[in-house]
Amino acid sequence: MIGRADVRRQSGVQSVRISFRGLYGIAVVLLLCLNAEAQNPGTTKRPRAADIGVKVGILPSGPIDAITDVAGVEVGQTTIIRGNNVRTGVTAILPHGGNLYQERVPGGVFVGNGYGKLTGSTQVDEMGEIETPILLTSTTSVPRVADALISYMLSLSGNENVLSINPIVGETNDGYLNDIRGRYIAPEDVTNAIRDAKSGPVDEGTFGAGTGTVAFGWKGGIGTASRRLPATLGGYTVGVLVQSNFGGILTINGAPVGQELGQYYLRNETSQVEGVKDKADGSCMMVIATDAPLDARNLKRLAARAWVGMARTGSSASNGSGDYAIAFSTASQARIHIGDPSTTRKTEMLTNDAMSPLFEAVVEATEEAIYNSMLQATTVTGNGHTVEALPIDRVVTILKEHKLTK
């Protein structure tokens, strides 16, 4: 290879790997570096929903308004931007920072539309346990990411005699902006995302698994939000992280933003205008964390309500949109300890009647997380295409006209 620029970001730190031969190689590398810098998602500061006065629902957010408001939850990301055609990455969500195989958390999966891949979902559905970090990536890279996740888990101290691992890997198709057939994600990209995971603020928009995604015809990506119940309802926190890559008719807090921006599903058919037909396809992965003590059955019910939040943003779950939600509880009494010799467990879990406030929390957090994924995303050119970032000024104007901002 004559010249190459490879820009990777882990936990907000950018590194550029360059190899070249001769003056021609140097010129090629400089051009590619300039292109990579133009794609750098950290060069433009964009607002979150709350910053432009959008208040979703009635419940307060956590201090960071992120999935990491749930104590113990960590998020790590590897962003891969290479040359003109590679725009992809990995996002890792860790329910806790310990050995998840030895100290599992209860989990539940809800499939809104199964046109996608969520590796490991059937075992979670059957056993109600999550034993690895939850990873998000590009569609064709799922097997490679799962393989790297298995290797990582087997290498952990305490897992020397483990013979089976159930890796949990979800995806959306980033093939419009990314050379998806190339499957460029390497094992170290997966390992770095997991090892760099941390609590605190989460990079949103064009990062990690959201680097090459598209939502409602605009740039999509990673988004997160949280809600906290009042003390009278337990004071529990619900956090959501999404990988948005789907279509429909964008609606923000009830305002017909997509219609007023002139970009929405069935626009060509209903308005008799010429242009590219929007099939509203893609996918959305929704990961829900809570510190409420829930069993697997009620976690699945919680996951199902995330789709209500997604629907509020304007999705109708088209035929080609694979929409999945996976929820877990970090409550200490809900942990499943592999070394426990007891054949019974006695724990206190919330009843069905206590679930409704949590349902409201996950709906609100999911809706806001999707807005954040788009508002934070930057314009990206890749694989011969350009997807523009959502125009903030025009969105704010529309919201003000509809009296939907604070």
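The values are calculated or read from the model by the stated rules, or taken from the named source; none is laboratory data. Keep in mind it's a predicted model, so treat the numbers as computed, not measured. Backbone-built Cβ (ideal geometry, glycine too); neighbour counts: all protein chains shown. Protein only, heavy atoms only, side chains kept; ligands, DNA and RNA dropped before computing areas. Shrake-Rupley method; radii C 1.70, N 1.55, O 1.52, S 1.80 Å.
Going through (1) closer than 26 Å to Ile134 by Cα; (2) out of contact with any Phe, Trp or Tyr (no Cβ under 9 Å at 6 or more places or on another chain); (3) among the hydrophobic types (A, V, I, L, M, F, W, C) one by one, Ala354 falls short only on (1). Being surrounded by fewer than 18 Cβ atoms within 10 Å (Cβ to Cβ), free of Cβ contacts under 8 Å to residues at least 12 places away in the same chain, assigned to a helix (DSSP H, G or I) and of a type outside the set (A, V, I, L, M) is a description that does not apply to Glu160.
In region 346-357, which residues are part of a helix (DSSP H, G or I) and either open to solvent by 40 Å² or more (accessible area, probe 1.4 Å) or without any contact (Cβ under 8 Å) to a residue 12 or more places away in the chain (or both)?
Asn352, Asp353, Ser356, listed by residue number.
Within the set Leu233, Leu241, the sole residue that is in contact (Cβ under 8 Å) with a residue 24 or more places away in the chain, in contact with a helix residue (DSSP H, G or I) (Cβ under 7 Å, 6 or more places away or on another chain) and open to solvent by 20 Å² or more (accessible area, probe 1.4 Å) turns out to be Leu233. Summed over region 319-336, residues that are of a type in the set (D, E, K, R) and either touching a Cys at 6+ places or on another chain (Cβ under 7 Å) or closer than 14 Å to Leu241 by Cα (or both) total 1.
Restricting attention to region 102-131, which residues are among the polar types (S, T, N, Q) and closer than 20 Å to Ser283 by Cα? Write out each step before concluding.
Step one: filter region 102-131 for residues among the polar types (S, T, N, Q), giving 102, 113, 119, 121-123.
Answer for region 102-131, where residues must be among the polar types (S, T, N, Q) and closer than 20 Å to Ser283 by Cα: Asn113, Thr119, Ser121, Thr122.
Put simply, of Thr251, Thr191 the only residue that is closer than 23 Å to Val56 by Cβ, among the polar types (S, T, N, Q) and out of contact with any strand residue (DSSP E or B) (no Cβ under 8 Å at 6 or more places or on another chain) is Thr251. I'm trying to understand the selection: among the residues of region 375-406, which are open to solvent by 50 Å² or more (accessible area, probe 1.4 Å) and assigned to a helix (DSSP H, G or I)? Residues satisfying the conditions are Asp393, Arg394, Thr397, Lys400, Glu401. For region 286-305, the criterion of a residue being farther than 29 Å from Glu129 by Cα, among the charged types (D, E, K, R), open to solvent by 20 Å² or more (accessible area, probe 1.4 Å) and in a loop (DSSP other than H, G, I, E, B) is satisfied by no position.
For Ile185, the conditions (1) open to solvent by less than 20 Å² (accessible area, probe 1.4 Å); (2) closer than 17 Å to Glu388 by Cβ; (3) touching a residue at least 60 places away in the same chain (Cβ under 8 Å) are fulfilled apart from (2).
What about Glu360, is it assigned to a loop (DSSP other than H, G, I, E, B), open to solvent by 10 Å² or more (accessible area, probe 1.4 Å) and not basic (Lys, Arg)? When the stated conditions are applied, Glu360 does not pass them.
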